[in-house]
Amino acid sequence: MKRRTKRLLHNWRIILLIIVLTGAIATLMVRPLTYGIDISGGVALVAQTEHPITKGTMDTVVHSLQSRLNTFGLRDISVEALGGGGGNYQIVLVKVANVSNEAEVKALKDVIQSQGVFYMEFDGVIFGTGKDVEYVGYYKLEPAGNAVRWNVPFRVSKATASKFAKLADGKPNWPVDMFLDPPVNALLVVPQSVYRLMNSSTFNSQAPQAPPLLERISSAFNITTVAYANQSASEIAKLARGKSKVVLVGVGDNLVKPLEAMKITVRYVARGVGETDQHLITRALGLYGPYAVSPDLAKGVPHQEVEISGTSQNRVAAEEEANTVYTVLKSGSLPVKLNVIGTEFISPRLGEDFKNQAAYAGLGALIAVLLVVYLHYRRWKIAIPIASTSLFEVTIILGVAALIKWNLDLPSIAGIIAAIGTGVDQQVVITDELLGGVGQSRISRRSSLLKRMGRAFFIILASATTTIVAMAFLLFYFVGTLKGFAFTTILGVLIGILITRPAYAEIAKYLLGED
């Protein structure tokens, strides 16, 4: 008996279970679980496209928006399109958990509403868009004397690389501009100080001889810039003939209604408190940069692998700037602009009740498993290990969720409960196969053990494979709460077939005298 017990405790399957279970418990002790919007509360934002779009275009909007929000580190996100058939899609519902104040909501709105088209421009020529960015590597930070240098590597298409090589040939240190949703074909009305700034070499990086920003945006986007000198609405309207919109940058707020009365699309960009002219115009244009062309890229040779780099005064500023560039490159382009038209906070109070009910449901499921298995086999030494193994699986799933900071929502918890049921079925298969040898001689039981275990694990692997394939479809092709259910179900199945099921088989063999 002691020899059998010692052999069990030294079995690698049992050791693996103990190590993983201990790690899960330790993780839960140092890292609390995070919960989804239906439990922890959050905010729901309703965004509207500028005009009705088709389902295919809306699918692109949803996918790109989900990607952009994820690059900002927002983990539990639900993005879904609302509308019906044909070209009648126009509303997008965005739900984000753990958002509780106006500052966070404002940041979310800025992210959603900045989902325009991404352009790369050099010397007044657009040489690439978001579709031409094939890969974006994560940014890197390194000390540079008393400052911090950052760089964001990315890869562009061959056509874009060739076009840029021709444009930048012999022009080292010239400015490269990146724009996210610039006001294409617009009349830009700016303060006279901003006009002078745009017409200077301030935005020319390290090349004073390069065309000023005012000329570059005129050539690339057909943006006409005028200095505000108390012009009337009629005078502005004359200047805006042939333009798709008028953008008033920190001036002429009294012109908005008169211009709109003339059926002119107007966008007013207010100056923030203490905001500089340079920041005001870059915000109005959606401008990132300019970034200087390195000497290596100014030799007329195409380079697909490039990077954007800069220097900041400290690590926090460097990380913020690098993350902004990374996000802009990563998010790509949207075919249509979004505007947030509604916001609603979701209280976490109801979620607390859901969390308690889910905990009771899980505990009730374990007790039900214990009783049903006991009634089936009439042996506590079978019922207790099966129920305990299910508890171990739940603990490991929660430990992994805490480790990767997966936000648990109600569908995720439902997936955990579903994994309990799947695990019990598989343990019953193992137990029945082991009990199938009872009544045979000891020698015949040993000779058929491998065959019976092989049969049991074939059934288990077949069942697990079909479950994983079905859940993988939900995980990769659906947006929203179904992802949480699919993820926890797949995680539970994998933990079962790789860790807990083999360990249970060894324990069951020991208890039933089959080893």
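The values are calculated or read from the model by the stated rules, or taken from the named source; none is laboratory data. These numbers come from a predicted model, not from an experiment. Cβ sites come from the backbone with ideal geometry, for glycine too, and all protein chains shown count toward neighbours.
Quick grid of which residues meet (1) in contact with a Cys (Cβ under 9 Å, 6 or more places away or on another chain); (2) surrounded by fewer than 17 Cβ atoms within 10 Å (Cβ to Cβ); (3) part of a helix (DSSP H, G or I):
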| residue | (1), (2), (3) |
| --- | --- |
| Lys166 | no, yes, yes |
| Asn173 | no, yes, no |
| Val184 | no, no, no |
| Thr202 | no, yes, no |
| Ser205 | no, no, no |
| Pro208 | no, yes, no |
| Ala229 | no, yes, no |
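Hey, could you check region 219-255 for residues that are free of Cβ contacts under 8 Å to residues at least 60 places away in the same chain and charged (D, E, K, R) and say which is nearest to Ala186 (Cα to Cα)?
Lys243
Which condition number does Lys158 fail, the rest of (1) of a type in the set (D, E, K, R); (2) within 27 Å of Asn222 (Cβ to Cβ); (3) modelled with pLDDT of 90 or more being met?
Unmet for Lys158, out of (1) of a type in the set (D, E, K, R); (2) within 27 Å of Asn222 (Cβ to Cβ); (3) modelled with pLDDT of 90 or more: (2).
Under 32 Å from the mean Cα position of the chain (by Cα), closer than 29 Å to Ser200 by Cβ, crowded, with 16+ Cβ neighbours inside 10 Å and aliphatic (A, V, I, L, M): does that describe Leu285?
When the stated conditions are applied, Leu285 passes them.
Could you list all residues from region 337-364 that are among the hydrophobic types (A, V, I, L, M, F, W, C) and at pLDDT below 75?
Within region 337-364, Ile346, Leu350, Phe354, Ala358 qualify.
Somewhere in region 256-279, is a residue in a helix (DSSP H, G or I), in contact (Cβ under 8 Å) with a residue 12 or more places away in the chain and in contact with a Lys or Arg (Cβ under 7 Å, 6 or more places away or on another chain)?
no
Please determine, by comparing only the residues of region 373-384 that are within 16 Å of Leu363 (Cα to Cα) and not small (Gly, Ala, Ser), which one is surrounded by the most Cβ atoms within 10 Å (Cβ to Cβ).
Of everything passing the filter in region 373-384, Val373 is surrounded by the most Cβ atoms within 10 Å (Cβ to Cβ).
Kindly indicate whether Thr282 is part of a helix (DSSP H, G or I), within 23 Å of Glu121 (Cβ to Cβ) and without any contact (Cβ under 8 Å) to a residue 60 or more places away in the chain.
yes
Considering region 306-323 alone, what residues qualify as being in contact with a strand residue (DSSP E or B) (Cβ under 7 Å, 6 or more places away or on another chain) and outside any strand (DSSP E or B)?
Correct list: Gln313, Asn314, Arg315, Ala318, Glu319, Glu321, Ala322.
Rundown of residues vs (1) crowded, with 23+ Cβ neighbours inside 10 Å; (2) modelled with pLDDT of 90 or more, yes/no style:
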position: Val152; (1), (2): yes, no
position: Met178; (1), (2): no, no
position: Pro191; (1), (2): no, yes
position: Leu197; (1), (2): no, yes
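Identify the residue in region 109-126 that is under 30 Å from Asn98 (Cβ atoms) and at pLDDT 80 or above and, among all such residues, is farthest from the chain's Cα centre (by Cα).
Among those that are under 30 Å from Asn98 (Cβ atoms) and at pLDDT 80 or above, it is Phe118.
Is it the case that His303 is without any contact (Cβ under 8 Å) to a residue 60 or more places away in the chain and not in a strand (DSSP E or B)?
When the stated conditions are applied, His303 does not pass them.
Taking the criterion of being touching a Phe, Trp or Tyr at 6+ places or on another chain (Cβ under 9 Å), surrounded by fewer than 18 Cβ atoms within 10 Å (Cβ to Cβ), assigned to a helix (DSSP H, G or I) and modelled with pLDDT under 85, would at least one residue in region 326-336 satisfy it?
For region 326-336, residues touching a Phe, Trp or Tyr at 6+ places or on another chain (Cβ under 9 Å), surrounded by fewer than 18 Cβ atoms within 10 Å (Cβ to Cβ), assigned to a helix (DSSP H, G or I) and modelled with pLDDT under 85: absent.
Kindly indicate whether Val301 is within 24 Å of the chain's Cα centre (by Cα), surrounded by fewer than 18 Cβ atoms within 10 Å (Cβ to Cβ) and modelled with pLDDT of 80 or more.
no
Pull up region 127-150, narrow it to residues that are among the aliphatic types (A, V, I, L, M) and surrounded by fewer than 19 Cβ atoms within 10 Å (Cβ to Cβ), then point me to the one that is farthest from Glu319 (Cα to Cα).
Ala144
Out of region 8-37, which residues are assigned to a helix (DSSP H, G or I), under 28 Å from Ala97 (Cβ atoms) and of a type outside the set (A, V, I, L, M, F, W, C)?
Answer for region 8-37, where residues must be assigned to a helix (DSSP H, G or I), under 28 Å from Ala97 (Cβ atoms) and of a type outside the set (A, V, I, L, M, F, W, C): Gly23, Thr27.
In region 304-323, how many residues are over 22 Å from Tyr119 (Cα atoms) and either surrounded by 13 or more Cβ atoms within 10 Å (Cβ to Cβ) or modelled with pLDDT under 80 (or both)?
Adding up the residues that qualify gives 6.
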